[in-house]
Amino acid sequence: MPEKPLEALRVVAGELSRVLSQGRADEMQALQDAILGAQSVFVTGEGRSGLVARCFAMRLAHLGLKVQVVGETVTSAFRPGDLLIAVSGSGTTSATCLHASSAADQGGRAVAVTANPGSPLARSADLALLVPSQGSVQFGGALFEQSALVLLDAIALALQTRLGRTSEEMQARHATLE
């Protein structure tokens with residue numbers, strides 16, 4: 001285990017590089033297509049995974065897409081044609097799994113962003129974006145959360161290009177009451 005911050009940084013960067021180099025183009029493309037084909041996109045996750053989901057929701061909003069965060073008081077109804085993106089490293093978080101199953105029951109699609117391909121979340125989803133982050137020296141699911149954030153940001157960047165959105169257009173949608 002690294003003792004000095006710079007050594008720790010190199011370990012974290014190395015682990016992150018290892019995971020990201022295993023990114024599956026087909027899964028990432030399928031998620032991009034699912035987002036573009038959805039009426040509205042909903043995101044969910046608990047703990048730090050939930051924060052990653054919220055970060056992705058913010059980018060989708062900057063792109064001008066209709067996006068909701070599950071559990072907020074102003075979240076609208078989920079409808080057929082909508083997409084739920086559920087982020088959970090373990091794929092066993094009960095609330096996240098419940099949201100995914102509820103999305104399917106309501107005629108929508110669910111995407112699992114998870115490190116566990118055999119998890120209940122991955123099995124119940126229409127699509128899984130696997131983030132192979134096992135074997136980390138970092139505590140808890142830190143490597144999963146870091147990797148998921150970067151993978152989802154990469155998808156947002158590809159969506160920006162595909163949609164032809166400029167940085168100026170995105171900046172105009174950025175929060176202004178901060």
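The values are calculated or read from the model by the stated rules, or taken from the named source; none is laboratory data. Values in this document were obtained by computation on a predicted structure and should not be read as measured data. In this analysis, Cβ positions are derived from the backbone assuming ideal geometry, glycine residues included, and neighbour counts consider all displayed protein chains.
Values as computed for the structure displayed
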| read-out | value |
| --- | --- |
| Selection status of S49, among the polar types (S, T, N, Q), touching a Lys or Arg at 6+ places or on another chain (Cβ under 7 Å), buried (at least 16 other Cβ atoms within 10 Å of the Cβ) and under 23 Å from L121 (Cβ atoms) | no |
| Residue in region 111-140 that is farthest from A57 (Cα to Cα), counting only those that are among the small types (G, A, S) and over 14 Å from the mean Cα position of the chain (by Cα) | G135 |
| Region 123-140, subset buried (at least 22 other Cβ atoms within 10 Å of the Cβ) and of a type in the set (G, A, S), residue nearest to M28 (Cα to Cα) | A128 |
| Failed item in (1) farther than 18 Å from R162 by Cβ; (2) buried (at least 24 other Cβ atoms within 10 Å of the Cβ); (3) not acidic (D, E), with V111 passing the rest | (1) |
| All positions within region 20-34 that are surrounded by fewer than 11 Cβ atoms within 10 Å (Cβ to Cβ) and under 15 Å from A128 (Cβ atoms) | A25, D26 |
| Any chance E7 is among the acidic types (D, E), under 25 Å from G164 (Cβ atoms) and part of a helix (DSSP H, G or I) | no |
| T96 vs. criteria more than 14 Å from the chain's Cα centre (by Cα), among the polar types (S, T, N, Q) and at pLDDT 95 or above | no |
| Residues being charged (D, E, K, R) and in contact with a Pro (Cβ under 8 Å, 6 or more places away or on another chain) - total across region 111-150 | 0 |
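Table: residues versus (1) on the phi > 0 side of the Ramachandran plot; (2) in contact with a helix residue (DSSP H, G or I) (Cβ under 7 Å, 6 or more places away or on another chain); (3) modelled with pLDDT under 95; (4) aliphatic (A, V, I, L, M).
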position	(1), (2), (3), (4)
Q32	no, yes, no, no
A38	no, no, no, yes
G50	no, no, no, no
V69	no, yes, no, yes
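A quick yes/no check of all residues on (1) free of Cβ contacts under 8 Å to residues at least 60 places away in the same chain; (2) not β-branched (V, I, T):
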position	(1), (2)
G141	no, yes
Q146	no, yes
L151	no, yes
I155	no, no
Q160	no, yes
G164	yes, yes
E169	no, yes
A172	yes, yes
A175	yes, yes
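Per-residue answers, yes or no, for (1) within 15 Å of V131 (Cβ to Cβ); (2) surrounded by 13 or more Cβ atoms within 10 Å (Cβ to Cβ):
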residue: A8; (1), (2): no, yes
residue: R18; (1), (2): yes, yes
residue: G37; (1), (2): no, no
residue: S76; (1), (2): no, no
residue: L84; (1), (2): no, yes
residue: G89; (1), (2): yes, yes
